[in-house]
Amino acid sequence: MHRRAFILSAAAFAGSARSQADFPSKPLKFIVPQPPGGGFDFVGRTLAEHMGKGLGQSIVVENRPGSGTLVGTDAAAKAAPDGYTMLVGSVSNMVLNSGLYPSLPYDPQKDFEPVGNAVAYSYTLMARKDLPVASLADLLAKAKAQPKAFTYASAGNGSGQHVIAAALWQQAGVELLHVPYKGAQAAYQDLLGGRVDLFFDLAPTARGQINGGTVKGLATSGAQRNPMHPDLPTLRESGVDLDLESWFGLFAPAKTPAPVLAKLRAELQRAANLPEVKDTFTKAGGRPLPLAAEDSRAMLARDLERWTRLVRAAGLKAD
């Protein structure tokens, strides 16, 4: 019996080793936890196109929206750990959700293995064009003197636009009134119409409004100035010890075999470092950030510690 069990175990191990060596032998899937058309989707499809060529298999992008980003992210966490299903992860689903929800159906660190990072986008703080402030520092000084005199829009409670703004006001020690909308488009309508004073949005979208003169740019949220807005200071340059970029990368379910992870990580690094991929991200307003797995793991741990604390301190909740 023991000899037969050993033979069966050895055969299973050999079969598993062969399947890992042959990986991938069928199409792969990227789960995008938001609808088509947004930042998650854009990054996922860009990486799928170029990684598919390198891996010799097609990569299907599956949009799994629901409950913000919870449904798709949880589905990826519970997928078979064979390397054929990966998650497009970002600050929102891998970091901010940990502070916004009292409990999550997944653990960003225990349930996933980072494959690597690809790109990051900063946010830009805009004011209605006739708001009587010359800079973020000027705004903060007036907000301290006049609590709740200014309003700020967001794309909804717990959205990235809400979190970065609320953290900024808390760090600066000022009180502003939050006006949540159902999406960025509605927020822009009231910002352009002068019915709300301020709005944070991703730099690529904000650029068109600032360049068109319909709003006034005040600051960007990255650690360095954004090349799209070289004249705008960062939050730190404006006197607030804060920075946030919405980074995007790939994550595999925990327990994915090491040889499979190694192949995926090498392919992501190759694709993310291609000049045409970097150019695609740059033209879309991103900062290419092709981080390897261990650097991505360290960034995730750092941002989880910092932003979970900041989100909870600001008392923010998701819708």
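The values are calculated or read from the model by the stated rules, or taken from the named source; none is laboratory data. Predicted model only: the values in this text are computed from it and were never measured. Positions of Cβ are backbone-derived with ideal geometry, glycine not excepted, and every protein chain shown enters the neighbour counts.
Looking across the range 206-248 at every residue that is of a type in the set (Val, Ile, Thr) and crowded, with 17+ Cβ neighbours inside 10 Å, the one that is nearest to Pro288 (Cα to Cα) is identified as Thr220.
For (1) under 27 Å from Val91 (Cα atoms); (2) in a strand (DSSP E or B), each residue gets a yes or a no:
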position: Val115; (1), (2): yes, yes
position: Ala118; (1), (2): yes, yes
position: Val133; (1), (2): no, no
position: Asp138; (1), (2): no, no
position: Gln161; (1), (2): yes, no
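Taking the listed residues Ser92, Ser98, Ser103, the one that is closer than 20 Å to Ser67 by Cα, without any contact (Cβ under 8 Å) to a residue 60 or more places away in the chain and either in a helix (DSSP H, G or I) or not assigned by TED's automatic domain parsing to the domain that holds Gly212 (or both) is Ser103, with no other qualifying. Count of the range 287-319 residues, restricted to those that are surrounded by 16 or more Cβ atoms within 10 Å (Cβ to Cβ), out of contact with any strand residue (DSSP E or B) (no Cβ under 7 Å at 6 or more places or on another chain) and outside any helix (DSSP H, G or I), is 3.
For every residue, the table says whether it meets (1) within 27 Å of Met228 (Cα to Cα); (2) modelled with pLDDT under 95.
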| residue | (1), (2) |
| --- | --- |
| Val91 | yes, yes |
| Leu100 | no, yes |
| Gly116 | yes, no |
| Ser135 | yes, no |
| Ala145 | no, no |
| Lys182 | yes, yes |
| Leu198 | yes, no |
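Would it be correct to say that Phe13 is surrounded by fewer than 23 Cβ atoms within 10 Å (Cβ to Cβ), at pLDDT below 95, more than 24 Å from Asn273 (Cα to Cα) and of a type in the set (Phe, Trp, Tyr)?
When the stated conditions are applied, Phe13 passes them.
Going residue by residue through the range 76-89, is there one that turns out to be free of Cβ contacts under 8 Å to residues at least 24 places away in the same chain and at positive phi?
no
I'd like to know if the range 264-282 contains one or more residues that are under 22 Å from Val95 (Cβ atoms) and of a type in the set (Val, Ile, Thr). The answer is no; no qualifying residue exists. Beta carbons closer than 6 Å, at least 6 apart along the sequence or on distinct chains, pair a first residue in the range 178-205 that is under 15 Å from Pro132 (Cα atoms) with a second that is among the charged types (D, E, K, R) and at pLDDT 95 or above for Leu191/Arg128; Gly194/Arg128; Val196/Asp190; Asp197/Arg128. Annotation note: Cβ proximity below 6 Å between a residue of the range 34-48 that is in the same structural domain as Lys278 (by TED's automatic domain parsing) and a residue that is in a helix (DSSP H, G or I) and hydroxyl-bearing (Ser, Thr, Tyr) (sequence gap 6+ or interchain) occurs for Thr46/Thr280.
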